[in-house]
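Presented below is the structure to which this report refers.
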Amino acid sequence: MTLLALPALADNYIWLLAQGGDALVVDPGEAAPVERALAEHGLRLRAILLTHHHNDHIGGARALAARHGCRVYAPRDERIEHADARVGGGDHVVLERPAFAFDVLAIPGHTLSHVAYHGAGVLFCGDTLFSVGCGRMFEGTPAQMLASLERLAALPGDTRVCCGHEYTQANCAFAHGVDPSNDALAARTVQADAQRARGEPTVPSTLADERATNPFLRIDAPALRETIGIDDRVARFAELRRRKDAFRMPAP
């Protein structure tokens, strides 16, 4: 099995998962990076999985499907115009080539119809869970987003988290401000800085890493309770997300 994070647009990742000579891609915001990777590795594109309707995640899907004749799996959302199969929470995507099976998880918050795909030891979570962070709530409520994150966090700790953007360094900088004594977070920051200095992606991480470092998965930790100072956990999560929305990276 080969798992590749293909840089796209400004800071997106398109995920490519291959077995033998067959591949699937997740959230192709543009077609060109996928075409280059297929040619470089001698792969045939068999399926496209989409997590949500934003154009930076679906913009290349139609062209790729037309050229390669592959099936497109997408949430039940009319804003995604082209799909061969519509999926939602509790559904399963079973592919013959490459031979992978995924459970579909409903994870509303970033968008109301957002889904994740979990299988083969990986989690394709779009813009819901990021490394050391989470997505903005464009359509959902704090309660929905928190429930979605907890649904993902309950998956096995060795699951590789394949998110949609390269945000780890900024997320670490914010997390230090609300969880300053977290040794695992300090180590993750050093690791992410070294990865980016080498021109490498900081993802995938693992769910075990995220449970140890991600403030949005640690809202019940004493350090976060003390920093935020709100008893109600949904309100505490909402305040944490509000602070992240207002956060700006310090000048170098």
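Give me a count of the residues in segment 162-196 that are of a type in the set (Ser, Thr, Tyr) and assigned to a loop (DSSP other than H, G, I, E, B).
Residues meeting the conditions: 2.
Let me spell it out: the conditions are (1) surrounded by fewer than 21 Cβ atoms within 10 Å (Cβ to Cβ); (2) of a type in the set (Phe, Trp, Tyr); (3) touching a residue at least 40 places away in the same chain (Cβ under 8 Å), and PHE102 meets all of them except one. Which number is the exception?
With respect to (1) surrounded by fewer than 21 Cβ atoms within 10 Å (Cβ to Cβ); (2) of a type in the set (Phe, Trp, Tyr); (3) touching a residue at least 40 places away in the same chain (Cβ under 8 Å), PHE102 is out only on (1).
Residues checked against (1) farther than 26 Å from PHE102 by Cβ; (2) of a type in the set (A, V, I, L, M, F, W, C):
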residue	(1), (2)
ARG136	no, no
GLN144	no, no
CYS163	no, yes
GLN169	yes, no
ASP179	yes, no
ASN182	yes, no
ALA186	yes, yes
ASP193	yes, no
ALA197	yes, yes
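For segment 134-153: of the residues being touching a His at 6+ places or on another chain (Cβ under 9 Å) and not in a loop (DSSP other than H, G, I, E, B), which is nearest to ALA186 (Cα to Cα)?
CYS134
Taking segment 13-29 as the search range and keeping residues that are buried (at least 22 other Cβ atoms within 10 Å of the Cβ) and touching a residue at least 60 places away in the same chain (Cβ under 8 Å), which one is nearest to GLY59 (Cα to Cα)?
ASP27
Being in contact (Cβ under 8 Å) with a residue 40 or more places away in the chain, buried (at least 24 other Cβ atoms within 10 Å of the Cβ) and out of contact with any helix residue (DSSP H, G or I) (no Cβ under 6 Å at 6 or more places or on another chain), is that true of even one residue in segment 145-158?
Yes, segment 145-158 contains a residue that is in contact (Cβ under 8 Å) with a residue 40 or more places away in the chain, buried (at least 24 other Cβ atoms within 10 Å of the Cβ) and out of contact with any helix residue (DSSP H, G or I) (no Cβ under 6 Å at 6 or more places or on another chain).
For ILE48, only one of the following conditions fails: (1) under 25 Å from GLU139 (Cα atoms); (2) modelled with pLDDT of 95 or more; (3) assigned to a loop (DSSP other than H, G, I, E, B). What is its number?
(3)
I'm told SER205 meets every condition in (1) surrounded by fewer than 20 Cβ atoms within 10 Å (Cβ to Cβ); (2) under 11 Å from PHE130 (Cα atoms); (3) of a type in the set (Gly, Ala, Ser) except one. Can you identify the failing condition by its number?
(1)
Condition check: more than 14 Å from VAL132 (Cα to Cα) and acidic (Asp, Glu). Does GLU239 satisfy that?
yes
Take THR206 and tell me if it is touching a Gly at 6+ places or on another chain (Cβ under 7 Å) and modelled with pLDDT of 95 or more.
Values: touching a Gly at 6+ places or on another chain (Cβ under 7 Å): yes; modelled with pLDDT of 95 or more: yes.
Here the answer is yes, as THR206 does meet what is asked.
Out of all the residues in segment 64-78, which are touching a residue at least 24 places away in the same chain (Cβ under 8 Å), in a loop (DSSP other than H, G, I, E, B) and over 20 Å from the mean Cα position of the chain (by Cα)?
Matches in segment 64-78: CYS70 only.
The values are calculated or read from the model by the stated rules, or taken from the named source; none is laboratory data. Nothing here was measured: the structure is a model prediction, and the numbers come from that model. Heads up, the Cβs are rebuilt from the backbone with ideal geometry, glycines too, and the neighbour counts pull from every protein chain shown.
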